[in-house]
Every structure is written in structure tokens, then in C-alpha cells.
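Beneath this line is the structure, given in C-alpha cells, with notes to follow.
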Amino acid sequence: MIIFVLNCGSSSVKYKLYDMRDESVMAEGKVERVGQDNAVITHQSTGKEEVSKTMPILEHTTAIRECLNLLTDPEHGSIKSVDEIDAVGHRVVHGGESFSDSVLINERTKEILESLSDLAPLHNPANLMGIRAAEKIMPKTPQVAVFDTAFHSTIPPHAFLYAIPYTVYQRHKVRRYGFHGTSHKYVSQRTAELMGKNIEDLKIITCHLGNGASIAAVQGGKSVDTSMGFTPLEGLMMGTRSGDIDPGAIFYIMKKEELNLHEIDSMLNKHSGLYGIAGVSDMRDIEKGIAEDDRLCKVAFDIFINRILKYVGAYTASMNGVDAIVFTAGIGENTPSVRDAVCRNLEYLGVKIDPELNNRRGEDLEISTPDSKVKVFVVGTDEEVVIARDTVALL
Amino acid sequence: MEIRRIAVLGAGRLGRGIAECAASKGYDVVLFSQGAGGQDALRRIEKSLDRKLAKWAITESEKRLILGRISYTLDLKELANVDLLIEATIDHFYTKKELLRTADHLCRPEVVFISTTSTLLVSELARSITRNDQLVGLHFIPPVPDVPVAELVVPESASPEAVEVAKNFAQRLDKKVLHIHESAGLVNPRALITLVNEAAYMIDEGVCDAAAAELIIKESWGMSQGPLEMADRLGLDLILSWMEQLQEKLGDRYAPCPLIRRYVRQKRLGVKTRLGFFAYTEDDAVVSLEEGEKEEFEE
């Protein structure tokens, strides 16, 4: 069975083609700068040379059509015809309260998705555009939506409700939704696999640390709490997002700096986090700054670590224990210094990591010592394979 | 036809605002203006973006991206390459008519024209061009990037398709489009000059000074900018000319207060001369001056 996984952003399309007999990647690629005259497509079929071309691509339908042209290209492609694709799996950011699991897309699903655009104005409309475009090109191929929020739909009310007037939740569905769900799901399952244990019996804390970052408490294979909330702004310190901040401070800043809603929103989402403190948003630049004795890079790093520690502590408490802590995504997988700084402060839980294992790269592995009471893992996240699996499951 | 490249005729406050707003929504914008106006407009747009950057509303890379989408030219022949034309020149009937006629020859036949006029009748302008079914009135209100409404005027000659194009354009700029009947002064300018005129009378009669009138009006109706500052930013000469045009078309209730005439005569035109109802710094910020100091400023 061949599954085409699509992740459409407002100006980008990323894709992977899977042969689901062995979950092998047949091809992958992306289109950047969709909507412009100089859009760039990069494509690589497994075992073949990478191809890249620049051309005008004004909308998503053309972008997806170009991807499919490359996939079926005799020289660079990996299938003969688009008909070989059995289904398309779409990444959709927000499923609201309507979708607690992946779904087969039909008219009704699209209507609901449309109504959810308010909750994720930057992402859902683009995801929906991708769905419409794929349907137009492959009208007979089943399409599946896999939601970033779905894995967190098991979070109980005491963790998803904010302590504000209940009517606000009833009227506007303001609550914690959480994001990166597909990633938290994948890495928690993979960790159980690496531990050789049944996930039902495990309490796992998954740290998805990328440019956007969130932590989830996964008990018995189900998400019971997560650091991102109503929007991806809550929780950890991120590349350019503030994470947790006293709402009272926001009102004060708005008044003092005479900011409107758009300005404060943009300040907290695009000018804060590592960038807000240190002027750089990439953890590699922060590390470089620290090596050069940059005081603000050091503070930024320390805030970043402190936030993680607070959440690990909180989730250990709310699950009444923890069996494993997992690091994943850009920073989680590639920055030993972050893992080291976090784990050194978790001695009270009996966490011990092996420095040599911690410095290894590029494989899923346990980095804790055999006598560590809590196991620590580094797992490469793979959201696309979860989307492909969910798609197959719905056919 | 997909609209990607738009022409903005006129690089005044309205034209610049439309250009900035359209570029920030992803359109490629060509500003047409006379003399060194284009270069100056680009500088002012950059200044406006810098103010947004200072308020964290955009990022440095967003600023570069927006500026990169705006170019300017003196050469009207470049109109042959645009997908939509927005006319934002000064409200002078014959100037506008001539410009629209020239554009009519140069633009591709399917290109829709939008006029931002507030005191002239769009249907009269439409009569001067061959594509009269493709001219629609759309009045943006400065500061264009910040004001979320636009007034749509549909002359009888306009085709539904052209109206759709204008509406879609305004909506993509995040403006709520309100369809109003064709009438000189539209809604915003007409209401504004009434408010400004009344405030001027109160000042002239010694009921209160400009600062008090401004603050009371602004705070009672929760405005982010009071009418007198708005008038200063638009230019008191422009306000006076609107009043005179409306007086001619709609009657004496728009007759300008003598104080406004006096200010214009004294070249006290608002932000552009650093003094109007209020005084302004080089960066266009309001200076709060006591009445006495203001008199000194005048001399």
C-alpha cells in the first residue's frame, strides 16, 4: 500500500511517499515560497539523486501537481502513475473538540475544519487548501486528516480547563488543546518499544524541543497533560515565543508601550523566547554565544532549561511518578548540552545519564545509566510515519 | 485572472498607506508618482514600517520582505504589466480624469480600476474612460494599514465582476467592506469634517482650547486618535478643500469655520508644516504645547 503524506503550510508544501509494507520512504520533498514566481521544489526518490528546480508556483494545487509530476517522473520518480497512490494523509494542526482521532475526509469534515479556522488562523486554512488541492488532482483517492491536537484529546477536564469563568469555555471553547500531538504520540510509543514494555504500564514525559517546544505527560499511552495550551504560545520558552508569562504583565506592557492586540501578539510570538532575551533564536547560536561568554545567551539557556525542569517536575507530580523522560525534535535530538543540563537537575528523581551516550547522534537510544531510576531516551521524531499509519488504519 | 501586481497612482498619505498595506499582504506594488515623490514615498513607508518594528508588530525580515515588494516609477508605460490599478491622487476632477484616460490606454483591457476619491463622483470619472464598467470606488481611510474598514461605492456602470475584484482586494487587505451610496464626501470624510468644523468653532469661540476639545471627543467615544490630530495629519488645506467642495455640493452646513481658513492662510497646515491645531516634532509626534508657546511657534 502506497501512502502520500502531505503537510501544507501557507507558503510551503512538504511531502513523503511511503510504501507501507515496511514503512519505507519511497520519496520525499518540499516546495517553498508557494505563491511566488521563484518557488523552489526539492525532491528526492530513495536511492536516486536529489533534484531541485525554481519556477513560478502561485497556489497549492500547482504545487502538489508539480510534486506528483516529480514522483511519477521516469528519471527522478518512484512510481509510474498517480493511481498507484492508495490514500493521502494530511497533517492538520487544529481539530478542536470535534476530532479526537484521525478521520476520513468528507464534505462534513471539511465544513467542521473550516469552522475551526478561527482557532488556528495561521495553519488550518493552509491545511484545508492542501486538502482541496489534493482532492482536485486525485478525486478518487481517499484523503485522511491527522490532527496535531488529537493525541491530547484524552487530557482530563482538570488539566484542560483554565480557571476563568466557565461560560467562556462554553461559549468560545477556550481551553487547553495542546499541539505536537503526533510527535508526542510517536515518541512515547517508540520509547515503550525501546524499553520492551507495554505502554499501558508506563508513565512517560515527552519533551518535544524544536523551534516550537512542548512537553507532554503520557500515562498508559494517553496524553494527560501538555504544556502548550489554547494556542502554541503557552508553556516552554521557545525560539521566538515567550511561553508562560503572567497575563497581568501583558496588560501592563500594553498600557506602558501603547500596544494594540496585533502588536502584543506579534511581540509574544515573534520577538520573544530565546530571541527576545539573546537576540538569536537558534539553540546552536545560543551555544556559540555561551562559548564566547555572552551573558544574555547564558541567561536565555538557563531560562530554557528552568522551564523544562518545572514542567518535568509538575508532570512527575501529576502522574505520581515517571518511568521515562524522552527528548525529541531539533533541539531535543541534537543538543547534548540541553539534555545534560536538564538531567543534572533531576538527580532527586534518581536520573543518571551516561555522558558518552548523551553525546552520540543520529540514533534512537537510551542515554541513562543502567542504575538510573528513571530512564532517559533520545528518539528521532517521525510525524509523517504516524500520519501514514493512521491513514492506512482508516482505509 | 489572479491579481499579483498592483499599481498605485499617487504617493500621498493614502497611496503610501495602500502600498504598504498591499505589500504586507503579499502583493507586488508599483507606486507611480511625479518627480522625486516615489523615492520619498518609499522612505516614508520604511519609516512607517520602522515604527511597527519598534512596536514589535513585524519582524526585521518581514520589514525587508514588505519593502522588497514595493517599487516606484515615473514611467506610466509600466502600467502595461499590472493586474489592478488603484488611483489615489489628489481630488481634482480634471487631473484624475486625464490620468485615468492615460491609464485606460496603457493597462491591459481586463484590468479593473479602483478610485479612492472621496469628494468626486466615481460615475462621472467612469464616463471619461472606455472601460467604464471596470471602475469602482473604494475609499480607504488613513492610516490605511490600521483602519479596518473601507467604503465601497458602486457606480451604475460597474460590472458585478469588477465589484467583486475590488471587494476581494479590500478583504485581502483585511478591511471590512461597507457598500455605501454614491455621494460626495462618502461617510468617513463627511463625518470627520463636521466634527473638525464644530471643534474649530468651539476653539474660535473660546469655549475650550484644542487640547481640551480633542481629549473630550477622543476619550468619550474611545477613539484612538482625536479629530483634530486626524485633521492635522491629513493636512488642514485638504480639510478646507473638502469643506469647500461639500459646501458647493451639499450646502452651507459644510461652510468652513473661519479659524480653519485663518490657519491655512498662515500656512499652519498640520503635520507637514509642523503646526496645525497642535505642534509636531520632526518624527511627526504631537508636542504638547501650552497655548502661549504655540503663539510663539507661529511667529
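The values are calculated or read from the model by the stated rules, or taken from the named source; none is laboratory data. This structure is a prediction, so every number in the text was calculated from the model and none was measured. Positions of Cβ are backbone-derived with ideal geometry, glycine not excepted, and every protein chain shown enters the neighbour counts.
See the values below:
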item: Within segment A:319-336, tally of residues that are surrounded by fewer than 23 Cβ atoms within 10 Å (Cβ to Cβ), assigned to a helix (DSSP H, G or I) and not small (G, A, S); result: 4
item: Checking A:L268 against (1) touching a Cys at 6+ places or on another chain (Cβ under 9 Å); (2) within 10 Å of another protein chain (Cβ to nearest Cβ), the condition it does not meet; result: (1)
item: Strands (runs of 3 or more DSSP E) within segment A:1-67 that include 2 or more residues among the aliphatic types (A, V, I, L, M), closer than 30 Å to B:Y27 by Cβ and in contact (Cβ under 8 Å) with a residue 12 or more places away in the chain; result: A:36-45, A:51-57
item: Residue, modelled with the lowest pLDDT, within segment A:233-280, restricted to residues that are of a type in the set (S, T, Y) and assigned to a helix (DSSP H, G or I); result: A:S266
item: B:K97 part of a helix (DSSP H, G or I) and within 14 Å of chain A (Cβ to nearest Cβ); result: no
item: Pick from segment B:13-32, criterion over 21 Å from B:L238 (Cβ atoms) and outside any loop (DSSP other than H, G, I, E, B), ranking: nearest to the other protein chains (Cβ to nearest Cβ); result: B:D28
item: Unique match (being within 14 Å of chain B (Cβ to nearest Cβ) and touching a helix residue (DSSP H, G or I) at 6+ places or on another chain (Cβ under 9 Å)) among A:I205, A:I253; result: A:I253
item: Segment A:282-309: number of residues that are of a type in the set (A, V, I, L, M), more than 16 Å from A:F327 (Cβ to Cβ) and touching a helix residue (DSSP H, G or I) at 6+ places or on another chain (Cβ under 7 Å); result: 6
item: Test: A:T226 is crowded, with 21+ Cβ neighbours inside 10 Å, outside the structural domain of A:E59 (by TED's automatic domain parsing) and within 28 Å of A:L395 (Cα to Cα); result: no
item: Residue tally, condition touching an Asp or Glu at 6+ places or on another chain (Cβ under 6 Å) and buried (at least 20 other Cβ atoms within 10 Å of the Cβ), over segment B:1-29; result: 1
item: Entirely in segment A:133-226, the strands (runs of 3 or more DSSP E) that have 1 or more residues that are modelled with pLDDT of 95 or more, in contact with a Ser or Thr (Cβ under 7 Å, 6 or more places away or on another chain) and among the small types (G, A, S); result: A:143-147, A:213-219, A:222-226
item: Criterion violated by B:G35 - all others in (1) part of a loop (DSSP other than H, G, I, E, B); (2) over 30 Å from B:R131 (Cα atoms) satisfied; result: (2)
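Each row is one residue, and each column tells you yes or no for (1) exposed (fewer than 12 other Cβ atoms within 10 Å of the Cβ); (2) at pLDDT 95 or above.
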{"residue": "A:E356", "(1), (2)": "yes, yes"}
{"residue": "A:E363", "(1), (2)": "yes, no"}
{"residue": "A:E366", "(1), (2)": "no, yes"}
{"residue": "A:T369", "(1), (2)": "no, yes"}
{"residue": "A:S372", "(1), (2)": "no, yes"}
{"residue": "A:K375", "(1), (2)": "no, yes"}
{"residue": "A:T381", "(1), (2)": "no, no"}
{"residue": "A:I387", "(1), (2)": "no, yes"}
